[in-house]
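Each remark here refers to the structure printed beneath this line.
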Amino acid sequence: MNPTGNTILVTGGGSGIGRALAEALHKLGNHVIIAGRRRSALEEAAAANPGMSWMVLDIEQASGIRSFVPELLEQFPKLNVVINNAGIMRGENLLEQPEDLADAEAIVATNLLGPIRLTAALIPHLKQQPGATIITVSSGLAFVPLALTPTYCATKAAIHSYSQSLRHQLKAANIEVLEIIPPYVQTDLMNGAEDPRAMPLKEFIAETMALLTTQPTPPEIAVERVKFLSEAVSRGEYEKVFEILNAQHFE
């Protein structure tokens, strides 16, 4: 990925990893558009980073994406990078789920269907750009699941697989497909902002940006901290890592 001179959309850009990525890319001289559900968070982030743009997007809703994309491309016709970062994470006890499965369905719609729908809507435009990049944000939990958050982990495993297929299908086009694979990072996701076990957000962004700006950019952006999970299978340690990660079991 060319590290500068891009027009970049970051979903979930009002807070957490999304905002930190947006700010780091903004500082490199890119025009960054942050999108998300919370107008107040977007306005605050944009105000703190003069020149950054923002748009409200409810990525959980297919109708929201359909109305969002034409407005986005009308305002920012040079858009050439999209970062599918928006996501939600909720604990679920599979033995006591409500009949409507509202949490599971919201997680699937936000974390999986949202990126798929947005990517599909933007590919025709991205194919017309001199160079374009699609970035997905998965998780170390795509490789070894945290049993407390089964649907979240399943959506991240699916995004990892989707990214591989998307990369293969677009290899003849001028569209690069990258995947960022975060470990447990100190953000508000599942109230982890103050958890000392999590990787500090600034450290994660610094290491991620160093990899993202490498030429050529590796297709999978994996900081050292996440390799305990992402390389568990290749080390022959999947069962061991699963047990460590899920030390507390549902009875």
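Numbers for the structure displayed
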{"quantity": "Pick from segment 188-205, criterion touching a residue at least 12 places away in the same chain (Cβ under 8 Å) and either touching a helix residue (DSSP H, G or I) at 6+ places or on another chain (Cβ under 8 Å) or among the acidic types (D, E) (or both), ranking: surrounded by the most Cβ atoms within 10 Å (Cβ to Cβ)", "calculated": "F204"}
{"quantity": "Members of segment 138-156 found to be part of a helix (DSSP H, G or I) and either hydroxyl-bearing (S, T, Y) or farther than 16 Å from P115 by Cα (or both), listed by number", "calculated": "G140, L141, P150, T151, Y152, T155"}
{"quantity": "Residues located in segment 4-32, provided they are more than 25 Å from M190 (Cα to Cα) and touching a helix residue (DSSP H, G or I) at 6+ places or on another chain (Cβ under 7 Å)", "calculated": "I8, V32"}
{"quantity": "From the options I135, I116, I159, residue that is more than 26 Å from G236 (Cβ to Cβ), part of a helix (DSSP H, G or I), among the β-branched types (V, I, T) and within 18 Å of the chain's Cα centre (by Cα)", "calculated": "I116"}
{"quantity": "Single residue of segment 91-113 satisfying the filter (assigned to a helix (DSSP H, G or I) and acidic (D, E)) that is surrounded by the fewest Cβ atoms within 10 Å (Cβ to Cβ)", "calculated": "E105"}
{"quantity": "Candidates Y162, Y184, Y152, Y238 - the one that is aromatic (F, W, Y), touching a helix residue (DSSP H, G or I) at 6+ places or on another chain (Cβ under 6 Å) and more than 18 Å from N80 (Cα to Cα)", "calculated": "Y152"}
{"quantity": "Count of residues meeting criterion [surrounded by fewer than 14 Cβ atoms within 10 Å (Cβ to Cβ) and not in a loop (DSSP other than H, G, I, E, B)] in segment 215-234", "calculated": "1"}
{"quantity": "Residue check, P124 within 16 Å of S230 (Cα to Cα) and over 14 Å from the mean Cα position of the chain (by Cα)", "calculated": "no"}
{"quantity": "Long-range neighbours under 9 Å by Cβ, at least six apart or interchain, first residue in contact (Cβ under 8 Å) with a residue 12 or more places away in the chain within segment 52-66, second among the charged types (D, E, K, R) and assigned to a loop (DSSP other than H, G, I, E, B)", "calculated": "V56/R37; V56/R38; L57/R37; D58/R37; I59/R37; E60/R37; I65/D58"}
{"quantity": "Residue list for segment 21-40, filter: in a helix (DSSP H, G or I), small (G, A, S) and in contact with a strand residue (DSSP E or B) (Cβ under 9 Å, 6 or more places away or on another chain)", "calculated": "A22"}
{"quantity": "Leading residue by the ranking (farthest from G12 (Cα to Cα)) among those in segment 184-214 that are among the hydroxyl-bearing types (S, T, Y) and part of a loop (DSSP other than H, G, I, E, B)", "calculated": "T214"}
{"quantity": "Hey, I88 within 26 Å of V177 (Cβ to Cβ), assigned to a loop (DSSP other than H, G, I, E, B), in contact with a helix residue (DSSP H, G or I) (Cβ under 9 Å, 6 or more places away or on another chain) and not aromatic (F, W, Y) or not", "calculated": "yes"}
{"quantity": "Every residue from segment 223-249 that is over 26 Å from the mean Cα position of the chain (by Cα) and of a type in the set (A, V, I, L, M, F, W, C)", "calculated": "A247"}
{"quantity": "Of residues in segment 149-197 being in contact with a Phe, Trp or Tyr (Cβ under 7 Å, 6 or more places away or on another chain) and at pLDDT below 95, the one farthest from G16 (Cα to Cα)", "calculated": "R197"}
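The values are calculated or read from the model by the stated rules, or taken from the named source; none is laboratory data. What you see is a predicted model; the values in this text were computed from it and never measured. Please note: Cβ atoms are built from the backbone with ideal geometry, for glycine as well, and neighbour counts cover all protein chains shown.
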